[in-house]
Amino acid sequence: MSYLLEGRDAPWEVVIGLEVHAQVISQSKLFSGASATYGGEPNTHVSLVDAGFPGMLPVINRECVAQAVRTGLGLNARINLESRFDRKNYFYADLPTGYQISQFAQPIVGSGVIEIELADGSTREIGITRLHLEQDAGKSLHDQHQTQSFIDLNRAGVGLMEIVSEPDMRSPEEAGAYVRKLRTILRYLGTCDGNMEEGSMRADVNVSVRHSGEPFRTRCEIKNVNSVRYVMQAIEAEARRQVQVWEAGGTVDQETRLFDPARGETRSLRSKEDAHDYRYFPDPDLLPLVIDEGWVADLKAGLPELPDAKRSRFVSEYGIPRYDAGVLVAEQATADFYETVAAGGDPRLAANWVTGDLFAALNRTGRTIADSPVSAQAMRELLGLMVDQTINGRIAKDVFEEMVETGEPPAAIVERRGLRQVTDTGAIDAAVEAVLAANADKLAEYRSGKDKLFGFFVGQVMKGMGGKGNPALVNEALRQRLARSP
Amino acid sequence: MLTDLSIADGLRGLRGKEFSAVELTTAHLDAIAALNPRLNAYLTVTAEAALRGAGAADAALARGEQAPLGGIPLGIKDLFCTEGVRTTAASRMLENFVPPYESTVTRQLLRDGAVFLGKTNLDEFAMGSSNTNSAFGPVENPWHRTGDDAVLVPGGSSGGSAAAVAARIAMGATGTDTGGSIRQPASFCGIAGIKPTYGRCSRWGVVAFASSLDQPGPMARTVEDCAIMLRSMAGYDARDSTSVDRPVPDYAAACGRSLKGVRVGIPREYRADGMPSEIEALWQQGISWLRDAGCEIVDVSLPHTQYGLATYYIVAPAECSSNLARYDGIRYGRRVEAPTLDGLYEASREAGFGAEVKRRILIGTYVLSSGYYDAYYLRAQKVRSLILRDFTEAYRTVDALLTPTAPSAAFALGENMDDPIKMYLNDIFTVPASMAGMPGLSVPAGLDHQGLPLGLQLLGRPFDEETLFALGSAIEQAADFRRLPSVTAGRVR
């Protein structure tokens with residue numbers, strides 16, 4: 001299903017590439033021992049290195065390198081055993097040294113690929129161009145004082161992974177799916193928390209438009225977009241703008257733009273002429289980063305099961321639909337929850353309950369899987385009570401609702417409220433007789449051919465039994481009774 | 001006089017209780033008080049801390065402990081950050097900068113009992129060959145031409161350190177060498193100085209000029225004293241990624257080592273046009289001294305020598321333009337307020353940096369800029385690897401090289417000032433080894449016809465400083481360099 005913008009003569013195709021900045025999860029910063037944790041009072045996570053004091057030198061943080069390698073492996077990418085750090089020179093108040101240490105010519109991770117899935121179930125492969133390590137900058141605070149700006153260097157020097165995609169995406173939906181998939185992979189790997197609201201993951205979006213079959217036209221870069229929704233909206237707005245420019249006989253200028261979510265439009269930040277000359281050159285304070293193949297292999301062996309592999313396993317091992325498996329693996333916590341529920345029970349029933357009743361309950365209570373009101377263990381017990389026929393499915397729904405509210409174990413609820421399923425055929429037969437006796441008119445209709453009333457009788461019998469009747473036995477008893485003459 | 005003692009003799013005297021560390025330090029502080037107003041070798045004198053350090057050294061001596069430099073008073077180039085002591089890099093930019101940290105090299109010297117007399121003058125941010133680029137005034141070379149009162153420059157950038165050591169107002173001093181900043185002033189002031197192999201001494205806490213070239217090293221009146229100091233200064237530092245993890249030998253033990261069979265190369269490309277004949281003559285003298293000492297002399301070629309200076313003046317400014325970007329008036333250092341951020345940068349850097357520093361920042365910015373990078377920086381790096389290969393090739397057949405240190409003796413204040421290129425030529429013999437990261441030792445070897453000291457330079461294999469000390473002490477012994485400069489502690493001619 002292709003996404004095209006209407007044009008005067010021919011439709012326009014959108015070409016999208018993304019540069020995602022993902023903050024590395026690590027104890028300390030990329031080149032200093034200062035804490036890399038989010039938050040903290042301004043300028044409390046700052047070493048002399050971060051503040052660019054004279055004579056201070058960067059030393060690479062091994063854990064950040066490991067995280068980049070893990071991420072590269074998770075993106076099915078080539079790991080470069082030798083890479084290099086370069087200086088990107090520019091002046092800004094929150095950049096203490098006057099340069100950002102980055103990897104320009106020789107990144108630590110080369111080309112890779114990830115697969116995205118679209119709403120219609122189709123899949124696409126999106127190429128990864130490269131991943132490199134670089135320092136984050138500090139933060140300028142312009143709202144603290146009438147005439148002066150304040151600077152917080154807590155974030156200065158924190159490790160970032162810049163993950164650059166090929167211009168492989170052709171619709172806002174694909175770009176959204178790409179960012180979500182990337183975030184899922186990073187979270188599985190534990191290399192970035194993917195928290196776009198806090199800025200630990202943000203995207204620069206490159207957009208151009210063209211008629212089908214044309215070479216690429218000039219692209220614009222939309223900087224620092226900080227949610228999946230905004231990524232999609234920004235692409236739509238920017239693509240429409242570019243189509244307008246081209247169709248009005250103009251040309252799109254290569255420039256950096258910002259997305260304004262309130263107005264739903266992008267606007268120019270700086271043109272190509274104003275672009276910095278970053279004067280990249282190899283950082284002479286750092287040696288080339290050489291890593292050992294054996295170390296990469298160890299990191300690979302230590303990787304968790306990633307979403308694609310997990311999804312395939314869920315399909316083959318648990319026999320659940322591919323779609324459900326996809327939903328379950330989107331978050332590692334959900335997948336873990338599901339596997340606990342499914343263990344030793346009925347995996348399909350578990351999938352239905354997790355994606356159905358549990359998700360609904362989380363939605364309703366505003367909770368996440370991590371602080372679910374019903375534990376995976378408790379949910380497994382509940383499903384166990386269904387499988388061993390202690391309760392029927394109808395009653396299970398009630399018990400579940402009560403579990404959500406009270407957190408009480410399912411068995412206790414069943415016992416306390418006497419919800420055990422009735423399998424005593426004598427009791428069932430009696431209930432059937434009572435219903436038929438009370439509904440002689442309906443019985444007559446049934447006999448005269450209105451077969452649909454069978455369901456009505458089942459419902460009435462269940463109702464008469466307080467919902468606790470074993471549905472199969474109730475059906476069987478009714479069928480036998482109705483087969484007999486009055 | 002106590003101020004005339006070498007470090008080795010000073011250590012012996014202290015150990016033998018001939019004098020106390022406090023006496024030794026006091027003698028130097030008194031000499032500083034007398035001479036420094038004229039020489040301007042020290043920018044900051046830390047008398048109180050020095051006496052405290054000397055007292056501690058005496059206490060340790062009384063307990064029978066003598067640290068490797070226990071009680072030895074030294075000057076510290078004001079490029080080394082010293083905790084709680086103003087560190088200026090001889091720049092207005094850092095005029096009032098007091099670092100809350102101690103550089104690794106000075107920390108190791110303190111660990112080994114050294115006493116710091118103060119911070120010595122230099123060319124601003126170590127950029128220069130005459131010490132005339134200091135924001136706090138030039139340094140006077142304690143040497144004078146015979147029968148001529150003209151003030152001479154001490155060389156640079158470690159000019160304050162060289163002058164202080166020569167004038168006997170420090171027993172030794174730290175220097176840093178990027179393209180010759182230890183060796184050339186050592187030669188101009190008639191003292192010894194070694195630029196160790198790149199990576200031998202930590203750069204942590206040393207204000208950076210050109211990171212791939214900067215290397216701290218000792219300056220002292222004898223080769224042995226340099227060896228004693230280097231043992232304390234050298235060593236691996238995990239905080240400097242370019243420092244090298246290998247054991248630090250007892251360098252002093254190498255002084256006086258037999259030179260039988262040591263092969264010394266004479267690079268034919270080091271005969272500069274217009275080089276005074278007496279420097280050529282001194283070089284020949286050095287060759288015969290080493291031959292007499294048992295060395296085998298071999299003619300060698302370092303074909304890319306002629307490109308050394310040009311590539312140096314691309315690489316070093318490139319790195320400096322980036323290294324000095326941090327001096328922006330925001331967090332520390334000189335700040336000149338302005339209505340905009342860019343205005344603040346411009347005003348602060350305009351006021352904070354001197355002309356030579358600005359020139360090099362401009363050159364460096366230019367050679368790294370888009371469109372020029374390949375033609376300048378990238379090409380310079382390629383030539384740099386050819387220069388390195390020259391040395392590597394030469395060291396297949398020889399153990400060390402002998403050259404003059406500088407193409408001239410000390411020149412007068414005011415000379416060479418009109419033309420930066422002429423000034424840059426001072427480093428023509430020292431720059432190639434810097435580009436290759438190789439160690440180089442300058443040894444005072446003789447006087448020119450005007451009575452000014454001249455040095456010979458010994459270059460060696462990476463991390464083979466020991467061979468340089470062995471060769472250097474042989475030249476030192478043969479040269480029997482005893483002449484004193486005209487301005488020294490206790491006597492001013």
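None of the figures in this text is laboratory data; all of them are computed from the coordinates on show. The structure presented is a predicted model; accordingly, all values stated were derived computationally and were not measured. Virtual Cβ from ideal backbone geometry, glycine too; neighbours counted across all protein chains shown.
Side notes on the structure shown:
- 19 Å Cα-Cα reach of residue A:468 towards lysines, excluding residues that sit fewer than 8 places from it in its own chain: A:397
- Per-residue mean of foreign Cβ neighbours for B:327-335 is 4 (Cβ atoms of other chains, 10 Å radius).
- With a 10 Å cut-off around each Cβ of A:97-103, the average count of Cβ atoms from other chains is 3.
- Cut-off under 5 Å, modelled amide H: who pairs with residue B:42 long-range: B:121
- Unit Cα scatterers, Debye sum, the protein assembly as shown: log10 I(q)/I(0) for q = 0.08 Å⁻¹: -0.85
- Calculated log₁₀ intensity ratio I(q)/I(0) where the Debye formula runs over C-alpha points of chain A, q = 0.05 Å⁻¹: -0.31
- Modelled FRET efficiency - R0 60 Å, residue A:81 with residue A:433, Cβ distances, 0.05 increments: 0.15
- A simple count of charges around residue A:144, restricted to other residues whose Cβ falls under 14 Å of its Cβ and scoring Lys, Arg +1 and Asp, Glu -1, yields -3.
- Pairwise FRET efficiency - residue A:253 versus residue A:115, Cβ, R0 = 30 Å, nearest 0.05: 0.30
- The mean count of C-beta atoms from other chains within 10 Å of the C-beta of residues in A:285-294, rounded to a whole number, is 2.
- Computed FRET value (nearest 0.05) for residue A:445 with residue A:170, which takes r as the C-beta separation and R₀ as 45 Å: 0.15
- Computed label-point distance, nm, for sites residue B:449 and residue A:290 using a 7 Å Cα→Cβ extension: 5.3 nm
- Distant-in-sequence amide contacts of residue A:211, defined by a placed amide H-H separation under 5 Å and a gap of 5 or more residues or a different chain, comprise A:13.
- Positive-end extreme of charge dipole, the stretch B:414-473 - chosen from B:463, B:423, B:450 (charges on Cβ): B:463
- Classification of the stretch A:425-483 by its C-alpha gyration tensor yields a prolate form. The axis ratio a/c (a ≥ b ≥ c) is 1.5 or more, and a/b outweighs b/c.
- For residue A:266, residues with placed amide H under 5 Å, excluding near neighbours: A:260
- When each of B:171, A:169 is scored by the number of other beta-carbon atoms lying within 10 Å, the sequence from fewest to most is A:169, B:171.
- Annotation for residue B:148 and residue B:19: the two label points, set 7 Å from Cα along the Cα-Cβ direction, are 3.4 nm apart.
- Under 22 Å from residue A:181, Cα to Cα: lysines that are on another chain or at least 8 residues apart: A:223, A:300, A:310
- For the protein assembly as shown, a simple Cβ point-charge model (Lys and Arg +1, Asp and Glu -1, everything else neutral) yields a dipole of about 620 debye relative to the Cα centre.
- The ranking of A:246, B:143 by Cβ neighbour count inside 10 Å, starting from the fewest, reads A:246, B:143.
- Averaging over all projection directions, the Cα-based convex hull of chain B occupies 21.7 nm² in the image plane.
- Exposure proxy ranking for B:452, A:287, based on other Cβ atoms within 10 angstrom of each Cβ and starting from the fewest, stands as A:287, B:452.
- Label-point separation in nm, residue A:139 to residue B:1, each point 7 Å along Cα→Cβ: 6.2 nm
- Dipole magnitude of chain A about its Cα centre (Cβ charges: Lys, Arg +1; Asp, Glu -1), debye to nearest 20: 1160 debye
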